[in-house]
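Visitor: Below you'll find the structure I mean.
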Amino acid sequence: MKFSFAAIFAAATACLVSAAPSHPIEQRATPLATVYSSCTKNNTVALTFDDGPWVYMYDISKALVAAGAKGTFFVNGNNYECIYNDNGKRVKYLHDKGHQLASHTWAHKDLTTLTWDQIHDEMWRVEEALMKITGAYPAFMRPPYGNYNNLVRQASYVRGQSLAIWDLDSGDSLGATVAQSKATYTTALNKKPKNLLALNHETVETTAHQLVPWLISTLQGKGYKLVTLAECLGVNPYQSVGAPQTPDSTWHC
């Protein structure tokens, strides 16, 4: 998909309605986007991190890069922090280090409670931010809470995106201790899976500083290659990649 397609959505979403939906489940004669919940390439693990950009992403990135590994970061536009803060420095840093960036929507709303127009607004605003900051138009969207319905899949299809879920949840966002998260991974690894698509959160300090180093050592020690989501699926991470834009008065939340 080219920027001209994205530009069409910029205009289309400029006047979206914001009223609360009375019937959030709408019927549309639109194909459904693909939903991925596991990797397809053998001996790969895709470590994914939700809810940023946040301060701990630097340490996560440094640990991964030092080990010759890459991660995938599903970012929000305005959740823990505005994506445009410091001119998008955190997001640009991740992109420049070779990690994959993907959409986790603008404000982390449950998309299954929204109308068609509201869904597109949540998707477009973070896509626009990623294009402004990095020049990349994401090919993947992870719905907040993992919640989606056919309307969400149809909206994603129209936007040229696939949905990404997971087959292992570290439980860190639900209050799991590092020991409990390690136990979850260990139980899964004892089954000798061909691959893993794992959910973690870059906003959890103990995940960044205790779990991630253990994961890198443990997973690589078992012969897994730590790759991006796109690499573990054998597809492109972005619909298009262009030049980053210069910060201006529109870079705000």
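Visitor: Quote the relative contact order of the chain in percent (integer), defining contacts as alpha-carbon pairs under 8 Å separated by 6+ residues.
Guide: The normalised contact order for the chain reaches 33 percent.
Visitor: Let me ask something additional. Which of rounded, prolate or oblate describes the range 110-242 when judged by the alpha-carbon gyration tensor and an a/c cut-off of 1.5?
Guide: prolate
Visitor: Here's a follow-up. For ALA67 and HIS252, FRET efficiency with R0 = 41 Å and r from the beta-carbon atoms, rounded to 0.05?
Guide: Here the calculated transfer efficiency is 0.70.
Visitor: Now for a different question. If you roll a 1.4 Å probe over the heavy atoms of the protein chains, what accessible area per residue do you get for the chain, in Å²?
Guide: Ligands and nucleic acids excluded, the figure is 43 Å² per residue.
Visitor: Positive end of the charge dipole of the chain (Lys, Arg +1 and Asp, Glu -1 on Cβ, about the Cα centre): tell me which of THR112, HIS99, VAL45 has its Cα farthest that way.
Guide: VAL45
Visitor: Residue separation times 0.36 nm, minus the C-alpha to C-alpha distance between GLN245 and TYR80: what's the value?
Guide: Here the answer is 57.1 nm.
Visitor: Then there is this: Which whole-Hz ³J(HN,Hα) couplings does the range 36-53 yield from phi under the Karplus relation 6.51 cos²θ - 1.76 cosθ + 1.60, θ = phi - 60°, glycine and proline marked x?
Guide: 9, 10, 7, 6, 10, 8, 5, 6, 10, 10, 9, 8, 10, 9, 9, 6, x, x
Visitor: Can you give the FRET efficiency for ASN150 and ASN236, using 1/(1 + (r/R0)^6), R0 = 22 Å, r = Cβ-Cβ distance, to the nearest 0.05?
Guide: 0.35
Visitor: Among DSSP beta bridges whose residues both lie in the range 37-131, state the antiparallel percentage, nearest 5.
Guide: DSSP beta bridges in the range 37-131 are roughly 10 percent antiparallel.
Visitor: Okay, moving on. How big is the charge dipole of the chain about its Cα centre, in debye rounded to the nearest 20, if each Lys and Arg gets +1 on its Cβ and each Asp and Glu gets -1 on its Cβ?
Guide: Using only the charged Cβ atoms, the result is roughly 920 debye.
Visitor: Could you work out how much longer the chain between ASP96 and ASP59 gets when fully extended? Use 0.36 nm per residue separation minus the Cα distance between them, nm to one decimal.
Guide: Result for the pair: 11.8 nm of gain on full extension.
Visitor: I want to check the label-to-label distance for LYS222 and LYS192. Put each point 7 Å from Cα in the C-beta direction and report it in nm to one decimal.
Guide: About 1.2 nm, to one decimal.
Visitor: Please report the antiparallel percentage of the DSSP beta bridges confined to the chain, to the nearest 5.
Guide: Bridges in the chain are about 15 percent antiparallel.
Visitor: Say we join alpha carbon atoms closer than 10 Å with springs in a Gaussian network model of the chain; which of LEU197, LEU174, LEU111 then has the biggest fluctuation?
Guide: Looking only at LEU197, LEU174, LEU111, the biggest GNM fluctuation is shown by LEU174.
Visitor: Summing -39500 (n - 2.57) over the DSSP H runs of n ≥ 4 in the chain and dividing by its residue number, what mean residue ellipticity at 222 nm do you reach, to the nearest 500 deg cm²/dmol?
Guide: One gets -10500 deg cm²/dmol as the mean residue ellipticity at 222 nm.
Visitor: Here is a follow-up. How much length would be gained if the chain were fully extended between HIS209 and LEU32, taking 0.36 nm per residue of separation minus their Cα-Cα distance, in nm to one decimal?
Guide: Stretched out fully, the HIS209 to LEU32 stretch lengthens by 59.9 nm.
Visitor: Spelling out what I want: for every residue of the range 158-166, take phi, set θ = phi - 60°, compute 6.51 cos²θ - 1.76 cosθ + 1.60 (Karplus), and round to whole Hz; glycine and proline get x.
Guide: Calculated HN-Hα couplings, in order: 4, 8, x, 10, 9, 8, 10, 10, 6 Hz.
Visitor: Using only the alpha-carbon atoms of the chain, report the extent along each of the three principal axes, biggest first, to the nearest angstrom.
Guide: 51, 39, 32
Visitor: In whole percent, and with a 1.4 Å probe on the protein chains, what portion of the accessible area of the range 156-253 is carbon and sulfur?
Guide: Carbon-and-sulfur percentage of accessible area, whole number: 52.
The values are calculated or read from the model by the stated rules, or taken from the named source; none is laboratory data. Remember, predicted model here, so these are calculated numbers, not experimental data. Every residue, glycine among them, receives a Cβ derived from its backbone with ideal geometry; neighbour counts consider all protein chains shown. Accessible surface is based on the protein model in full, side chains and every heavy atom, while ligands, DNA and RNA are left aside. Shrake-Rupley method; radii C 1.70, N 1.55, O 1.52, S 1.80 Å.
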